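Undergrad: My questions all concern the structure below.
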Amino acid sequence: MITAEENQLLTQTDPQTPCGELLRRYWQPVALGEELPEGAAPLKVRILGEDLVLFRDDHGRPGLLGLHCSHRGTDLSYARVEDGGLRCLYHGWLYDICGRVLEQPGEPAGGANRHEIRHRAHPCQEAGGVIFTYM
């Protein structure tokens, strides 16, 4: 039988925990491909203690982004898939699967600084009907 301290060490997978840091060095399953058909609404997922949003872009590629918009913190699981990415419903920022900001409607000069902003994103691969991510 293991001690409570050993149990904590082995079961905590949040960021900055020993087991969490170990598991982030390997590809992790996020969802079955059939759970996210093309044109489907984004899915809110919790992986290794992190809240994220999983979606398919217009080309059918899976993307996994931080749950809250970089602009105002809006929940991106309510966002729309359009124009090659995920568009936040609050102010319309558009993110691609790599976390780049493609559009910033209403910002000065059309969002001239959008290339300096990177939203948290994790690479995804689909194999054997499963979507995997590397965190």
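Undergrad: Determine the pairs where a residue that is closer than 28 Å to Ala127 by Cα, located within region 1-28, has a partner that is charged (D, E, K, R) and in a loop (DSSP other than H, G, I, E, B) with Cβ atoms under 7 Å apart, the partner being 6 or more residues away or on another chain.
TA: Every condition considered, the pairs that remain are Gly20/Asp14.
Undergrad: Quick check on my filter: what residues within region 118-130 are under 12 Å from Asp96 (Cα atoms) and open to solvent by 40 Å² or more (accessible area, probe 1.4 Å)?
TA: Arg118, Arg120, Pro123
Undergrad: Looking at Arg46, is it open to solvent by 70 Å² or more (accessible area, probe 1.4 Å) and within 13 Å of the chain's Cα centre (by Cα)?
TA: Yes, satisfied.
Undergrad: List the strands (runs of 3 or more DSSP E) that sit entirely inside region 81-135 and contain at least 1 residues that are small (Gly, Ala, Ser).
TA: In region 81-135, the matching strands (runs of 3 or more DSSP E) lie at 85-87, 124-127.
Undergrad: Test Leu54 against the stated conditions and say whether it is touching a helix residue (DSSP H, G or I) at 6+ places or on another chain (Cβ under 7 Å), of a type in the set (A, V, I, L, M) and open to solvent by less than 30 Å² (accessible area, probe 1.4 Å).
TA: Taking the combined requirement at face value, the residue does not satisfy it.
Undergrad: How about region 80-120: which of its residues are among the small types (Gly, Ala, Ser), in contact with a His (Cβ under 7 Å, 6 or more places away or on another chain) and over 23 Å from Thr133 (Cβ atoms)?
TA: Gly106
Undergrad: Here is a follow-up. Take the residues in region 57-101 that are under 19 Å from His122 (Cβ atoms) and of a type in the set (S, T, N, Q); name whichever of them is nearest to the chain's Cα centre (by Cα).
TA: My answer is Ser77.
Undergrad: Just need a number here: residues in region 58-74 that are at pLDDT below 95 and among the charged types (D, E, K, R).
TA: Result for region 58-74: 2.
Undergrad: A further question follows. Looking only at region 68-98, count how many residues are buried (at least 20 other Cβ atoms within 10 Å of the Cβ), within 13 Å of Leu52 (Cα to Cα) and either of a type outside the set (A, V, I, L, M) or touching an Asp or Glu at 6+ places or on another chain (Cβ under 6 Å) (or both).
TA: 2
The values are calculated or read from the model by the stated rules, or taken from the named source; none is laboratory data. Bear in mind the structure is a predicted one, so any value in this text is a computation, not a measurement. For neighbour counting, all protein chains shown are included, and Cβ atoms are generated from backbone atoms with ideal geometry for every residue, glycine included. Note: accessible area is taken over every heavy atom of the protein model, side chains too, but ligands, DNA and RNA are not part of it. Shrake-Rupley method; radii C 1.70, N 1.55, O 1.52, S 1.80 Å.
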